[in-house]
Amino acid sequence: MKKITVLDSDILSKMKMRAVKSAIRKLQPETFIRQCMDYNLQRFKDSLDMLKHHPWIVNLCIKWAASSIGDKRATKVGDTRTLNKILQQTYDVMPYIPVGLKSADSIDFFFRNNLYQQLMYQTSSTGHYISREAFIFGRLDPHHKLSRRFFELTNLSVERFVMLSITFTFLISSKKNVIKEVTADMFSILTPYISREEIFYFLDSFSISFEDLPEFCKRKTTENPLKEYFLPSPFIENPLIKYNDKFLLLHTQLTLASLQTFIYDLLRRDDPEKFMDSFGSIFENLVKDIFDESKIRYIDEQSLKKHLPQENKVVDFLIPHEAANIFIDAKGVEIHERGMVTLSHSEISGRIKNSVLKTIEQAHAVNREILNSPKLITDFKSESYILCITYKNLMLGNGTFLEKSYATDGVSKIRKNHDDAYQIPDSHIFCISIEEFEYLMSSCKEHGRQPYEVLRYAVEMNRTPSQTVFLFIQHLEKFFGQVTKSEMIRKTGLDLLERMTENIPGLKQNVNLVNE
């Protein structure tokens with residue numbers, strides 16, 4: 001029997017995917033979409049039970065079906081049996097998709113692709129995410145260009161949007177009832193403090209009209225099975241479908257995940273370049289605020305520049321300690337879609353050249369000067385670490401993954417430019433999200449520990465394959481038992497909620513999300 005190659009597998013997966021899409025195109029799309037939504041919004045025993053129903057597969061079918069809206073050939077009305085058959089056929093394509101399991105050096109891609117596919121359905125603490133967005137964007141001057149642009153896009157201030165997000169999150173997270181559709185009347189407790197018009201603005205901002213749904217789904221569809229099956233659902237942008245005066249939910253957890261970083265995502269999608277021009281300094285200030293709250297000593301970029309040669313590259317922050325130095329750079333970036341779900345080294349390496357790889361280069365440049373002139377900044381330490389902090393998790397793990405799988409040439413090029421005497425090992429390099437950095441610093445403050453102790457623990461754990469984890473937060477949870485969240489960020493959400501409860505009788509008994 002002929003051995004199936006990656007090329008054969010790619011061809012087979014495309015053929016099977018096209019067959020499923022063809023079967024879906026024959027079905028009356030409105031009916032099929034409603035059946036899929038009912039499947040998504042059934043009452044599950046718990047989060048694990050929900051994941052066992054593979055929402056990423058169901059949402060993929062919804063996307064393909066929506067592309068057929070308006071097609072007169074799509075007339076067959078299926079029943080529950082038809083739905084289950086289609087979902088199974090869609091799922092059965094997956095074993096044929098090249099995902100990185102056919103060669104040892106691609107296994108890391110397999111783990112990374114699966115995280116992109118499924119992680120959005122596993123996130124929690126939505127209230128704290130929303131508080132973080134309020135802390136970042138709500139503090140900006142109303143005349144700041146990002147504040148003004150957000151209002152132009154939504155007709156709402158950041159503060160108003162956050163207030164409505166907190167309320168909406170509570171409404172759809174209720175364990176008593178499964179919410180399948182939302183109307184403005186469900187927010188009646190907020191009026192007249194928040195007008196009905198503002199409620200519609202809020203719901204409109206993250207919904208797509210039924211009329212626009214086909215074109216949106218066609219635009220978000222490719223012929224690449226790996227991208228189709230593993231990229232995050234495009235409905236993360238618009239998790240509600242507006243149908244007449246109702247807003248239909250596609251999936252509860254998908255909607256919550258959308259709200260968690262909605263302000264950031266909307267502004268970035270609008271104009272990525274202009275957004276990053278403003279957001280870079282905002283993000284650095286956020287990292288500084290987390291540092292200040294933790295009371296852990298650090299040296300900032302300006303101080304480093306004063307003590308280093310003028311042409312020397314610098315990092316944003318350095319944590320000096322008698323045991324170890326930690327070089328930290330805040331890169332408020334998000335990896336391009338092509339570098340998210342892929343089996344290509346170059347697609348990742350090229351997308352992180354000016355972020356993660358730049359951080360590694362900058363850290364080594366500073367470490368070189370510390371070795372040569374230790375009295376300028378701090379003593380040289382043989383044990384040092386690098387943290388590259390991004391707003392969202394780039395799913396890159398530690399430097400070992402970078403060197404071995406994702407950016408071998410990029411890391412190798414950096415190492416050739418620096419002497420062995422001050423090089424920082426791949427295993428001591430971590431790419432972490434702002435959420436993970438917040439939890440690291442807040443937990444260290446709560447438990448009286450130093451960040452290098454946690455990083456040392458993570459390095460030690462990663463030496464044993466059975467203890468290796470892909471997400472840094474898993475190390476934090478094992479080290480501390482339970483992570484601690486930033487009190488200043490939590491308080492931002494609480495203060496907004498308090499302001500609402502002062503003006504809205506009865507609200508306090510119903511909304512308590514920011515305590516998650």
Legend entry - Of residues in segment 218-247 being acidic (D, E) and over 19 Å from L146 (Cβ atoms), the one surrounded by the most Cβ atoms within 10 Å (Cβ to Cβ): E228
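If I go through segment 328-344 residue by residue, how many of them are in a loop (DSSP other than H, G, I, E, B) and within 18 Å of T261 (Cα to Cα)? Walk me through it before giving the result.
To start, the set of residues in segment 328-344 that are in a loop (DSSP other than H, G, I, E, B) comprises 331-336, 340-344.
Now restrict to residues that are within 18 Å of T261 (Cα to Cα): 331-336, 340.
Here the count works out to 7.
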Legend entry - Meets criteria (closer than 21 Å to Q302 by Cα, touching a helix residue (DSSP H, G or I) at 6+ places or on another chain (Cβ under 7 Å), of a type in the set (K, R) and part of a loop (DSSP other than H, G, I, E, B)) for K313: yes
Legend entry - Residue match in segment 297-310 (condition: closer than 30 Å to F150 by Cα, crowded, with 17+ Cβ neighbours inside 10 Å and hydrophobic (A, V, I, L, M, F, W, C)): no
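Considering I208, I136, I172, which residue is buried (at least 16 other Cβ atoms within 10 Å of the Cβ), of a type in the set (A, V, I, L, M) and either in contact with a His (Cβ under 7 Å, 6 or more places away or on another chain) or not in a helix (DSSP H, G or I) (or both)?
Numbers: I136 fails: either in contact with a His (Cβ under 7 Å, 6 or more places away or on another chain) or not in a helix (DSSP H, G or I) (or both); I172 fails: either in contact with a His (Cβ under 7 Å, 6 or more places away or on another chain) or not in a helix (DSSP H, G or I) (or both).
Just one listed residue meets the conditions, I208.
Looking at segment 328-349, which of its residues are under 18 Å from G397 (Cβ atoms) and out of contact with any Phe, Trp or Tyr (no Cβ under 6 Å at 6 or more places or on another chain)? Please lay out each step first, then the result.
First, the residues of segment 328-349 that are under 18 Å from G397 (Cβ atoms): 328-329, 331, 333-335, 339-345, 347-349.
Result: D329, K331, V333, E334, I335, G339, T342, S344, H345, E347, S349.
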Legend entry - Matching entry among L259, L250 (being under 13 Å from the mean Cα position of the chain (by Cα), buried (at least 22 other Cβ atoms within 10 Å of the Cβ) and touching a residue at least 24 places away in the same chain (Cβ under 8 Å)): L259
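Give me the helices (runs of 4 or more DSSP H) completely within segment 1-74, filtered to those with at least 2 residues that are farther than 30 Å from S124 by Cβ and at pLDDT 90 or above, ordered by residue number. Even if it seems obvious, please write down each step before you answer.
Working: elements: 6-25, 29-40, 47-52, 55-66.
Because the criterion is at least 2 residues that are farther than 30 Å from S124 by Cβ and at pLDDT 90 or above, the helices (runs of 4 or more DSSP H) in segment 1-74 that meet it are 6-25, 29-40.
Output yes when any residue across segment 97-110 is more than 25 Å from N393 (Cα to Cα), modelled with pLDDT of 80 or more and either assigned to a helix (DSSP H, G or I) or in the same structural domain as D38 (by TED's automatic domain parsing) (or both), and no when none is. Outline the logic, then answer.
Initially, segment 97-110 is screened for residues more than 25 Å from N393 (Cα to Cα), giving 102-103.
From what is left, the residues that are modelled with pLDDT of 80 or more are none.
No, segment 97-110 contains no residue that is more than 25 Å from N393 (Cα to Cα), modelled with pLDDT of 80 or more and either assigned to a helix (DSSP H, G or I) or in the same structural domain as D38 (by TED's automatic domain parsing) (or both).
Regarding E502, is this residue in a helix (DSSP H, G or I), acidic (D, E), modelled with pLDDT of 85 or more and closer than 20 Å to F135 by Cβ?
Here the answer is no, as E502 does not meet what is asked.
Select, from D277, D292, the only residue that is free of Cβ contacts under 8 Å to residues at least 24 places away in the same chain, part of a helix (DSSP H, G or I) and more than 27 Å from S157 (Cα to Cα).
Numbers: D277 fails: more than 27 Å from S157 (Cα to Cα).
Checking each option against the conditions leaves just D292.
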Legend entry - For L51: the one exception among (1) surrounded by 14 or more Cβ atoms within 10 Å (Cβ to Cβ); (2) without any contact (Cβ under 8 Å) to a residue 40 or more places away in the chain: (2)
Legend entry - Residues of segment 324-343 that turn out to be touching a Lys or Arg at 6+ places or on another chain (Cβ under 7 Å) and in contact (Cβ under 8 Å) with a residue 24 or more places away in the chain, as a count: 5
Inset, instruction - Give the number of residues within segment 365-383 that are surrounded by 23 or more Cβ atoms within 10 Å (Cβ to Cβ) and either polar (S, T, N, Q) or out of contact with any Leu (no Cβ under 8 Å at 6 or more places or on another chain) (or both). - result: 1
Inset, instruction - Look at L394 and say whether it is of a type outside the set (S, T, Y), modelled with pLDDT of 95 or more and either crowded, with 24+ Cβ neighbours inside 10 Å or closer than 21 Å to Y452 by Cβ (or both). - result: no
Legend entry - Unique match (being over 21 Å from K485 (Cβ atoms) and not charged (D, E, K, R)) among N285, N325: N325
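The values are calculated or read from the model by the stated rules, or taken from the named source; none is laboratory data. From a predicted model like this one, the values you see are computed outputs, not experimental measurements. Ideal geometry is used to build each Cβ from the backbone, glycine not excepted, and the neighbour counts take in all protein chains shown.
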